[in-house]
1. The chain: D in µm²/s via Stokes-Einstein (Kirkwood Rh, Cα pairs, 4 °C, 1.567 mPa s)?
2. Note the full-extension length gain between GLN115 and ASN28 as 0.36 nm times their separation in residues minus their Cα-Cα distance, in nm to one decimal.
3. Enumerate the aspartates and glutamates that LYS71 could reach by cross-link, defined here as Cα to Cα under 20 Å, with residues fewer than 8 away along the same chain left out.
4. Taking 0.36 nm per residue of sequence separation and subtracting the Cα-Cα distance, how much length would be gained by fully extending the chain between ALA2 and MET126, in nm to one decimal?
5. Label points 7 Å out from Cα along the Cβ direction at ALA150 and ARG84: separation in nm?
6. With label points built 7 Å along Cα→Cβ from the Cα atoms of ALA92 and LYS74, find their separation and express it in nm.
7. When you count, for each residue, the other Cβ atoms within 10 Å and take the mean per peptide, how do 127-134, 16-23, 89-96, 54-61 rank with the highest first?
8. Below 17 Å, Cα to Cα, which lysines can LYS146 reach? Residues fewer than 8 away in the same chain don't count.
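Read-outs throughout are calculated quantities, based only on the coordinates presented, and are distinct from any laboratory measurement. No experiment lies behind these values; they were computed from the predicted model shown. When we count neighbours, we look across all protein chains shown, and the Cβ atoms used for this are built from the backbone with ideal geometry, even at glycine.
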Amino acid sequence: MAVTENTLILETTQGPVTIEMRPDLAPNHVARIKELVREGFYDGIVFHRVIEGFMAQTGCPHGTGTGGSGKKLKAEFNKEPHVRGTASMARAANPDSADSQFFICFDDARFLDRQYTVWGAVTEGMENVDKIKRGEPVQDPDKIVKARMAIDDAA
């Protein structure tokens, strides 16, 4: 897989996970995630909600699913399906409530299609996503040790 300015690398406690972000699908979400990555927002954040056969969710600074960065994003729902490796935004009941929390699908979750903003897909390291500890909440959760852009186009 070619590394681009949209390649996000999550160094997790289970190993590296590479996500190719898709600004063609969700330009505002990708731009905001890049901002948060550059600020170090995701560094040390846990996978707080991990459901077997469904998804691993992260991005809450409180580690509980109750927080975010404080900047809500307008939904950018698209036709991309929620399948194994999809990276998509978590949100509350309001479609325009996505912030910093996102999830990675373990398996097909097509019932989420066009209701959550897909912004990327895992291209390497899905075996490491598969190793993330399960739970709601997770006991002794895995975390993102460091999130970084493979090529930092802001430099």
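1. 86
2. Difference between extended and current length: 29.7 nm.
3. Here the aspartates and glutamates satisfying the reach criterion relative to LYS71 are GLU35, GLU39, ASP43, ASP96, ASP99.
4. The span from ALA2 to MET126 would gain 43.0 nm if fully extended.
5. Computed distance between label sites ALA150 and ARG84 equals 2.1 nm.
6. Label at ALA92, label at LYS74, 2.0 nm between them.
7. So the order, starting with the most tightly packed, is 54-61, 16-23, 127-134, 89-96.
8. The qualifying lysines are LYS34.
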